[in-house]
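Here the structure comes first, spelled out in structure tokens, and everything after it is commentary.
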Amino acid sequence: MMHGLLSYSGISAKVSAMKSRLLTEEQFREILAQPDVPAVVAWLRQRGNYEYVLRSLDDAHLHRGNIEPLLRESVYYDFTKLYKFANAEQKEFLGIYMMRYEVYFLKECLYAIFGQRPERPDLSAFPRYFGRISQLRFTELTEAETIEEFVSLLSGTLYAPAMSKVLAGDHPTIFDFETALDLFYFGLLWKTKGKASNKSEMTELTHILGAKFDMLNIIWIHRCKANYHMSDADIYALLLPVNYRLSKSEIKAMVEADSVQTAENVIGNSYYARQFGDFTSEKLEACYSAILKEILARESRNNPYSPAVLYSYLYYKDHEVDRIVIATECVRYKISPELAEVHISCR
């Protein structure tokens with residue numbers, strides 16, 4: 001505890017100040033009450049944590065494709081503020097956490113290469129915020145025209161082995177590359193708990209990441225069974241090799257269930273269904289969000305001088321931007337504030 005206090009007291013205070021500026025539920029209701037998208041942007045510009053990234057936005061181009069990337073920039077801006085303030089130990093943790101943003105960047109590049117986007121996205125924010133701390137060649141990757149060129153540009157990075165392995169496969173698809181990126185990143189994140197400076201930190205990271213990966217496995221299994229009708233072998237290939245509150249036998253029963261209903265019955269008897277109310281297959285993603293928020297709040301409250309405070313804040317910030325994007329779309333399409341609240345409460 002003394003080590004954590006000495007190491008994290010400064011950055012914990014900074015996180016506390018930043019967290020106080022996150023939007024309240026009442027402020028989200030104010031967003032939903034705005035008459036149109038320009039009014040939403042004007043409202044956000046009055047908030048210091050969004051004014052910086054939105055001030056250059058031309059009001060004549062207020063569509064989602066322009067607004068969302070700028071809102072995402074506010075996450076990167078907050079990350080870099082924490083990174084600059086962090087000590088060497090905290091920088092190591094944040095460096096691994098940063099890879100979630102790198103994975104997002106790499107996926108956007110893949111969508112462009114595979115023709116999944118009508119036009120190339122503006123990814124110029126990444127070198128501005130992460131250029132000094134990332135190994136990625138952002139500008140060159142953004143301009144890559146073929147998957148072979150893309151993979152070659154990853155040479156020397158942590159992503160190279162996983163991406164090269166996929167490229168060497170038989171007719172790899174964008175889904176194969178996305179899955180490999182996710183499995184690599186989540187696997188690396190799981191290993192971070194082994195680098196914790198003490199037993200308490202290892203325990204809290206296990207609680208946070210273990211629940212996250214268990215829930216992701218449940219969601220992916222259910223999607224595969226209900227929507228894609230994938231073979232058992234293909235489903236197993238997608239799963240994170242982590243067992244926290246889910247046993248191997250439960251995973252096996254879900255994957256190899258002879259019907260969606262049978263799989264849902266197994267899910268309904270899992271630890272998470274027993275511990276958290278209103279846990280149904282129709283609300284898996286909302287439950288995932290609620291469970292993770294509850295665990296993060298508990299761990300950061302119980303261990304205020306630990307990596308949990310960094311993970312917690314960055315998760316909440318990401319989550320807030322997701323909700324703002326949804327709220328803005330609800331205003332755009334004139335969805336009633338009452339129904340819109342339901343939409344954003346599911347995030």
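The values are calculated or read from the model by the stated rules, or taken from the named source; none is laboratory data. Everything numeric in this text was worked out from a predicted model, so none of it was measured. Cβ coordinates were reconstructed from backbone atoms using ideal geometry, including for glycine residues, and neighbour counts include every protein chain displayed. Side chains included, ligands, DNA and RNA excluded: accessible areas come from the protein's heavy atoms. Shrake-Rupley method; radii C 1.70, N 1.55, O 1.52, S 1.80 Å.
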Residue satisfying all of: in segment 88-121; among the acidic types (Asp, Glu) and out of contact with any Leu (no Cβ under 7 Å at 6 or more places or on another chain); modelled with the highest pLDDT among these: 92
Residues in segment 195-209 that are in a helix (DSSP H, G or I) and over 15 Å from the mean Cα position of the chain (by Cα): how many? 10
What pairs can you find where one residue is in segment 292-314 and within 21 Å of residue 219 (Cβ to Cβ) and open to solvent by 20 Å² or more (accessible area, probe 1.4 Å), the other is part of a helix (DSSP H, G or I) and aromatic (Phe, Trp, Tyr), and their Cβ atoms are less than 9 Å apart, with a gap of 6+ or different chains? 293/315; 293/316
Exception for residue 56 within (1) among the small types (Gly, Ala, Ser); (2) assigned to a helix (DSSP H, G or I); (3) surrounded by fewer than 18 Cβ atoms within 10 Å (Cβ to Cβ) falls at (2)
Out of 298, 332, 323, which single residue is under 21 Å from the mean Cα position of the chain (by Cα), closer than 19 Å to residue 71 by Cα and of a type in the set (Lys, Arg)? 323
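Rundown of residues vs (1) open to solvent by less than 10 Å² (accessible area, probe 1.4 Å); (2) charged (D, E, K, R); (3) in contact (Cβ under 8 Å) with a residue 60 or more places away in the chain, yes/no style:
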{"residue": "10", "(1), (2), (3)": "no, no, yes"}
{"residue": "38", "(1), (2), (3)": "no, no, no"}
{"residue": "43", "(1), (2), (3)": "no, no, no"}
{"residue": "64", "(1), (2), (3)": "no, yes, yes"}
{"residue": "75", "(1), (2), (3)": "yes, no, yes"}
{"residue": "95", "(1), (2), (3)": "no, no, no"}
Could you figure out which of (1) crowded, with 18+ Cβ neighbours inside 10 Å; (2) within 20 Å of residue 189 (Cβ to Cβ) isn't true of residue 281? (2)
